1. For residue A:276, only one of the following conditions fails: (1) surrounded by fewer than 22 Cβ atoms within 10 Å (Cβ to Cβ); (2) outside any loop (DSSP other than H, G, I, E, B); (3) within 14 Å of chain B (Cβ to nearest Cβ). What is its number?
2. What do you reckon, is residue A:403 in the same structural domain as residue A:43 (by TED's automatic domain parsing), out of contact with any strand residue (DSSP E or B) (no Cβ under 8 Å at 6 or more places or on another chain), closer than 30 Å to residue A:308 by Cα and modelled with pLDDT of 90 or more?
3. Would you mind telling me which numbered condition in (1) more than 14 Å from chain A (Cβ to nearest Cβ); (2) part of a helix (DSSP H, G or I); (3) surrounded by 13 or more Cβ atoms within 10 Å (Cβ to Cβ) residue B:246 fails?
4. Are there any pairs, at least 6 apart or on different chains, whose C-beta atoms fall under 7 Å, with the first in the range B:167-179 and under 14 Å from residue B:121 (Cα atoms) and the second at pLDDT below 75, and if so, which?
5. So residue A:200 ticks every box in (1) within 13 Å of chain B (Cβ to nearest Cβ); (2) in contact with a helix residue (DSSP H, G or I) (Cβ under 6 Å, 6 or more places away or on another chain) but one. Which box is left unticked?
6. List pairs: first in the range B:425-446 and without any contact (Cβ under 8 Å) to a residue 12 or more places away in the chain, second assigned to a loop (DSSP other than H, G, I, E, B), Cβ under 8 Å, 6+ apart or cross-chain?
7. Looking for something more than 29 Å from residue B:371 (Cα to Cα), buried (at least 18 other Cβ atoms within 10 Å of the Cβ) and in contact with a helix residue (DSSP H, G or I) (Cβ under 8 Å, 6 or more places away or on another chain) - is there at least one such residue anywhere in the range B:261-268?
8. Here is a list: A:304, A:364. Which entry is assigned by TED's automatic domain parsing to the domain that holds residue A:148, under 22 Å from the mean Cα position of the chain (by Cα) and free of Cβ contacts under 8 Å to residues at least 24 places away in the same chain?
C-alpha cells in the first residue's frame, strides 16, 4: 500500500516536470509573482462575497423557527424569485425584524442594501451611540441619510461592481474576439470569396438588420434567430450564383484593412464622455451600463488577438492543417485561436478594472445605476451631502480603490507571465 | 509626411460622423419631450388655455426643426408612413407607429387618427349641462386616452367606455353619438383591412438634405451651436464662459505632469531594484489605480471642512473672494493670484496625479528598455560620465513613447475634468456637460461631446506629427 502510494507521487512529480506546454509555463510564471497571486486570491474572495452577498448581508434570517415550524427565508426568497414557490401568508409583506421567533439564525450582517433603519438615520457614525438592541445589530460602518447600513451596501455593491466588470468585459470579449480573429487570421489576402458571395453578404446584411429590428420588440433571441436565417438564405443564394461565370471568380476581401480602420475610429472616440451621455439620457439600467461599456472597450482585446494571430497563422502547424484541407473557420477556432488567447487575459484583467472604475464613476455622478441599489459610487457621492460623514467617504472609496488595484495587479502579473515584451 | 497627415484627417471624417450620428440619435430617441420642457406647461382647465398652449407648442416645435425628418433616409417597412415626423405630439407618433406595426395599413390608420382628432374636438366643444358634466369629463379623459392606445384589446375597451359615457350624456342633437360611430367605423376599417405582412417588406425612404441631422451638423460646422434649452442662452456664449477654466487647469496639469513624470520615471529606471525604486514604483502604481473622484471627495471632507481641518476653500475658483477683497482693499494682482492658487490647488492635484502616475510608469518602462541596449553599454565602456550616458544617450531615445502619450493624456484629462469640476464646483466644460445631462439639454450635450471628440482627434494628430519629428526613422509613407 505504502509502496504504491509513493509510486504515484513519483509519477505525478514526473508529470509536473513533463508539463512543458504553454499554459503550464504561464501558470508557473504567474505564480512566481507573489503580488499578482495574492491579488488573484483576494479577487476570488471578493467574487465569493459578490456571489453570496444575500447570505452575508440580508434583512431576513437564514433559518428561523416560527410558530413551531422551521423556515429558511433566504433560500425561500430565491425560490420565490425563480417563480417556483410563494410566500406563506404569515410572511407576505412582513418586516422580518418584528416577527417573534422561537429561534433564528441571522446572516453576519443583518441588513440589506435596501433596508432602511429609521431609528439610526440620518448619518449615524460607526462608533457613535446607535439605537440598537445589542452589538449584534450594530451598523459597523455606520448608516447613510436614509438609514441604509453602509456595510450591507458595500457587500451588495461588490456584486454590482463584479457584475458590471465581468459582463461588460464579456460583451467586449465577444466583439473583440470576432473582429480581432478575422482580421488577424485572414489578413488582407487569405479570405477569398467568390464575387457572388461578397455581393450577397453585402446585400443581405442590412436586410438581416432590418428583420432583427422588426423582431426585436417580440424577443431578442427570436430576432437573432431571424437575422441568422436571413444571412443563411443569402449565402445559399450565393451558392447558386457560383454557377454564373463572372460571379464565381474569387476575390480576396481586405478584412484586415477594414477592421483596423474601424478600430482606429472607435479608439478615437472619447469613451468616458460617450458612455456618460448615453447612460445619462436614458432611464437608469444596469444592463445599459454594461452594454455600453462593452461596446466601446473591445478594441484592446481585438488588437491583442490580431497581433497574436498574425504571428500564429504563419506557424507550421497551421499550414499543415491547411494542407490537410480543413475548412478555414475550423482551423481558426480549433487551432489558431486557442494559441492566441493568452494576451487577451491581460486586456480582460485591465478591462475589468476600467469597467469597475467607470461604473463607480457613473454611480458617483448619479447616472446609469438605479439609485436605490446604493452601490459604492453612490455611497461615495452621498458623503458630499454630509461632509461630516467620513465613513461614507472612506469605506466605499477604499472598496473601489482596492478592487481596481487588484485587477490591475493581476493584469500586470499576467503581462509579466505571458509576454514580458508587452510590458513597456 | 504630408500625405500621412492627410490620411489621418480623412479618418477623422468617418469618426466624427459616427460620433455625431450616435450623439444626435441619442437626442432623438431619448425619453422625454424637449419641447414640453421648454414651454410653460399648458393650463389644464380651460379650453382656450389648452388651445393657446397647443399653438405655442407647435411654434416651438417648428422652431426646433422637429417637423423635419431625422436623417437623410430611413430604412423602414412598406407599411410605415414616411411623413410620420409631421405629427407633432411625440406620444401620438409612438401610438401611430405601434398601430402600424400591429395592422400595417397606413391609409386606414391615418383616417382613424383624423376621425379621432375630429371626435376629440367635438367632445371638447360640447356644452354639457350640469347633470352630465361628470360623464362629459370622463368622456374627455377617455378620448385623450385613446391617443395612447394601440393594442386592439385596449382600443376596443376604450371605445366601449366612450359609448357607455356617451349614453349617460344628455345629447339631444346626437353630435357625440354620430361622431363616435364614425370613429368606431374608422377603427373597424383599420382592423378589417389589416395588411400586417407589409411590416416585413423593407423599404427605403429618401428625404434629401432637408433633415434635422443635416441642418444641425452644417450649422455646427459653421460654429452655430444653437441655443440651450435650459436658460435659452446661445451655447457659443456659454462655452466661452466655461472653457477658460477647463483649458487653464488642463494645460497647467499637463505641464506639471511632464515636469514631474519624466525625472521620476528616469530616476526609478536608473535606480532599478533599489529600495527607492520599489517605493516609487509602488506609490505610482497605487496612484494610478486611485479613483480621482475618491481623492477629491476625501480632500473636500478632510481638508475643507471646519469639522476636521479647513485648509482650503470648498468650492469655486475664488471669483467672489477676489471681488470681496477688491472692494475692501482695492485691486492687487498678487493677492488675486494667491486667492486663485488657493482655490485651484486641490483640483489641480486631483487633475494631475493620475496622468502623472501613468506617464512615470511609461517613462520608467521605456527607459529600462533603452538602458539594456548595446549602445548604452558602449557609451559606458567609452568612459562617458553616467550623467551623460543617461540623459544624452538613454533619455533622448526613451522620449519617444512619452510624446505619443500626449494623445492619450489629453482626452483623459478632459473626461477626468467632468467629475472634478462637479466636486469642486468649478465653472468649466465638464460641469456644464453634467448640468446639461441632468436637464436633458441636448444642444449642450451635442456641442460638448463633439468638441471633446474633435479635441481628442487633434491630440492624436499632434502626437503623430511630433513622433515623426523626434524620430527621423519614422516616415509614415511606406508604412504597412
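1. (1)
2. yes
3. Of (1) more than 14 Å from chain A (Cβ to nearest Cβ); (2) part of a helix (DSSP H, G or I); (3) surrounded by 13 or more Cβ atoms within 10 Å (Cβ to Cβ), only one is false for residue B:246: (1).
4. Note: pairs meeting the criteria are B:177/B:171.
5. Result: residue A:200 passes all but (1).
6. B:437/A:367; B:438/A:366
7. The answer is no; no qualifying residue exists.
8. Answer to the check: A:364.
The values are calculated or read from the model by the stated rules, or taken from the named source; none is laboratory data. Note that the structure is a prediction, hence the values are computed from the model and not measured. Cβ: placed from backbone, ideal geometry, glycine included. Neighbour counts: every protein chain shown.
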